[in-house]
Amino acid sequence: DRMSLTYEKRAELAKNGVAKQLFSIMATKKTNLCLSVDLTSATKILDLLEKVGEHVCLVKTHADIIEDYTGDFITRIKQLAERFNFLILEDRKYADIGHTVSLQYSKGLYKVGDWADCVTAHSLPGEGILKALNSSNGVNRGVFLLAEMSSEGNLITPDYKEATVAMASKYPELITGFVCQNKDTFKDPGLIQLTPGVQLESSKDDLGQVYNTPEKVILEKGGDVIVVGRGIVAAKSPEAQAVIYKDTLWKCYMKRVSG
Ligand code: S5P
């Protein structure tokens, strides 16, 4: 099963180009840490990535929370991605009809399709959303579908989750993986389990977020790429904290594939 396979091996099994790249980056840089740069200042995001870029495989953005967003921000974050060898995931969680999503993806202020290696999307509207995101004109692009959420009281049911995985199986070249919480959600070792809701110092926030430990998320729940936001960005020394998360998460992965 996928729990015991190495990222190198899984890179060979991936059908989506971004999944292949991300597995390879993790194996090369020895990090499965995805930093969620949930800051509202472009300058602060770029400063932070200068310091922690070498420790992460993936940077997750919410472009629509950035108050000084410009095309220059994109130029510079892409330069950092190149320099430090990480990919960029725009966590837009698309959730509309295909036509609207194709406009949201390619137009407007953000033009996400121009720069994000991959994006997140909800399966709720049906397959049209995947058709909309599938028109990448030959560039290497991917989608993480939301199959589960970390927040308490979320309305996703077991049936919804299964239908989401079934929908994804029709678009093997587009799907990078799932945002989910449990290893039983899907089987294909070529897909990536992206798991948020990890913090070392806290078990929840005031708005419904639920946190687990790296050990639990990787060894029990099957997380492949682990999303950390406030655990790093709100720390006194984000750089030192990023190293701690990276080392802890990588140790858990090594333990998983060796035993
Ligand atoms: O189920 C989810 C899915 C996502 S993508 N739960 C989440 O928390 N996220 C995102 O992960 C969320 O939007 C936020 O950007 C990040 C978690 O941040 P943290 O500060 O709680 O670690």
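The values are calculated or read from the model by the stated rules, or taken from the named source; none is laboratory data. These figures come from a predicted structure and were not determined experimentally. All Cβ positions, glycine included, derive from the backbone under ideal geometry; neighbour counts span all protein chains shown.
Return yes when MET149 is surrounded by 17 or more Cβ atoms within 10 Å (Cβ to Cβ) and more than 16 Å from the chain's Cα centre (by Cα) and no when it is not. Please lay out each step first, then the result.
Working: surrounded by 17 or more Cβ atoms within 10 Å (Cβ to Cβ): yes; more than 16 Å from the chain's Cα centre (by Cα): no.
Considered against the rule, which asks whether it is surrounded by 17 or more Cβ atoms within 10 Å (Cβ to Cβ) and more than 16 Å from the chain's Cα centre (by Cα), MET149 comes out as no.
How about region 1-16: which of its residues are farther than 15 Å from CYS57 by Cβ, part of a loop (DSSP other than H, G, I, E, B) and modelled with pLDDT of 95 or more? Listed by number, the residues that qualify are LEU5, LYS15, ASN16. Residue-level check: of (1) more than 10 Å from the ligand (Cβ to nearest atom); (2) without any contact (Cβ under 8 Å) to a residue 40 or more places away in the chain, GLY190 misses just (2). Among the residues of region 36-55, is any without any contact (Cβ under 8 Å) to a residue 12 or more places away in the chain and basic (Lys, Arg)? Checking region 36-55: at least one residue is without any contact (Cβ under 8 Å) to a residue 12 or more places away in the chain and basic (Lys, Arg).
Residues in region 215-237 that are away from the ligand (no atom under 12 Å from the Cβ) and either modelled with pLDDT under 95 or part of a helix (DSSP H, G or I) (or both): 5 in all.
Please enumerate the residues belonging to region 136-172 that are acidic (Asp, Glu) and either within 21 Å of PHE23 (Cβ to Cβ) or within 16 Å of the ligand (Cβ to nearest atom) (or both). Hits for region 136-172 are GLU148, GLU152.
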